[in-house]
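The values are calculated or read from the model by the stated rules, or taken from the named source; none is laboratory data. The structure displayed is predicted, hence computed values, not measured ones. Positions of Cβ are generated from backbone atoms using ideal geometry, with glycine treated the same way; all protein chains shown enter the neighbour counts. Ligands, DNA and RNA are excluded from the accessible area calculation, which covers all protein heavy atoms including side chains. Shrake-Rupley method; radii C 1.70, N 1.55, O 1.52, S 1.80 Å.
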Amino acid sequence: MVLKLYGNPMSTCTNRVRTVFEELNVPYELVVVDFAKGEHKTPEFVAVQPFGQVPYIDDDGFKLYESRAICRYVALKYGGIGKLIPDPTDLQKTALFEQAASVETCNFDAFASVLAFENVFKPLFGLETDKAAVAHLTATLDGKLAVYDTILGKTKYLAGDEITLADLFHLPYGALLAKQNIDFLESGKYPNVTRWWKDVSGRASWKKVTGA
Ligand SMILES: N[C@@H](CCC(=O)N[C@@H](CS)C(=O)NCC(=O)O)C(=O)O
């Protein structure tokens, strides 16, 4: 049975997972969950994803949610070892990968996802953007990317000189920053960040997912 991805093409977290499928040429079926119809809040859906959010996968009966956990599972199972994730028996490489993955979650996503919520998603739902929160989040993210610039001045990617999932994890919310005219990734203010972002966001996998 082909692996099923329950998600939505408009969803950042779904597209994080789709990018990894494309990187590894994993065949999958996208089962579109209709937010407008509240399909993600039905008892059947919540029985699998208790937070009522997308995505989750069904891999021959094995069900898993949380986009980053799905990416790790898919990379380990479908040929990503040494390509997108270190060999788990290499403890130091794995630890450096996990360090980079935590950097994305704690120092990028924590701010970039809330910025997207304020600037992109709230207006879609007719809600008012909190401008003070946006200013604070933008300044905080700026400071975090200054640190990224130092890290990426030493290595090509966040976990070393080879690309890993930790780099790819940035794609969905990184791409949304440009749509908010927040140009820290592209502007060259942080040259190592811009070099890295051009490389990661230029990958064929991401272009395929976004139709670029
Ligand atoms: N940490 C979760 C977050 C999932 C998430 O926030 N999904 C969003 C779409 S990107 C969603 O389903 N939102 C609808 C809701 O929360 O009701 C993951 O990475 O999978």
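Antiparallel versus total DSSP beta bridges in region 1-94: what percent is that, nearest 5?
Taking every DSSP beta bridge within region 1-94, about 55 percent pair in antiparallel fashion.
Ordering Phe45, Phe51, Phe111, Phe117 from largest to smallest accessible area (1.4 angstrom probe), what's the sequence?
Details: Phe45 15, Phe51 135, Phe111 40, Phe117 90 Å².
I get Phe51, Phe117, Phe111, Phe45, largest accessible area first.
If you count only protein heavy atoms with a 1.4 Å probe, what accessible area per residue comes out for region 76-128, rounded to a whole Å²?
Per residue, region 76-128 has 58 Å² of solvent-accessible surface.
Amide H neighbours of Gly160 under 5 Å, counting only residues 5+ apart in sequence or on other chains, H built in-plane at 1.01 Å?
Under 5 Å from the amide H of Gly160 lies no amide H from a residue far enough along the sequence or on another chain.
So what J values fall out for region 145-153 if you push phi through Karplus, 6.51 cos²θ - 1.76 cosθ + 1.60 with θ = phi - 60°, rounded to Hz, Gly and Pro as x?
After applying 6.51 cos²θ - 1.76 cosθ + 1.60, I find 6, 4, 5, 3, 4, 5, 4, 7, x Hz.
Amide H to amide H under 5 Å from Asn8: which residues, 5+ apart in sequence or cross-chain, H placed 1.01 Å off N in plane?
Long-range HN contacts for Asn8: Thr14, Val33.
Below 12 angstrom from the Cβ of Gln49, what's the summed charge of the other residues (Lys, Arg +1; Asp, Glu -1)? Write down the numbers at each step before the final one.
Numbers: positive: Lys41, Lys63; negative: Glu39, Glu44, Asp58, Glu66.
In short, -2.
Binning at 10 angstrom from zero up to the longest distance, how are the C-alpha pair distances of the chain distributed in percent?
8, 33, 36, 19, 3
Using label points projected 7 Å from each Cα along Cα→Cβ, tell me how many nm separate Met1 and Glu186, to one decimal.
With each label point 7 Å from Cα toward Cβ, the separation is 4.2 nm.
Among DSSP beta bridges whose residues both lie in the chain, state the antiparallel percentage, nearest 5.
Here the share of antiparallel DSSP bridges comes out near 55 percent.
Which of the pairs Lys93/Lys144; Lys154/Lys198; Lys131/Lys154; Lys156/Lys208; Lys63/Lys207 have their Cα atoms more than 29 Å apart in this structure? All intermediate terms of the calculation are to be shown ahead of the outcome.
On the way: Lys93/Lys144 23 Å; Lys154/Lys198 17 Å; Lys131/Lys154 35 Å; Lys156/Lys208 23 Å; Lys63/Lys207 27 Å.
Long pairs (Cα-Cα over 29 Å): Lys131/Lys154.
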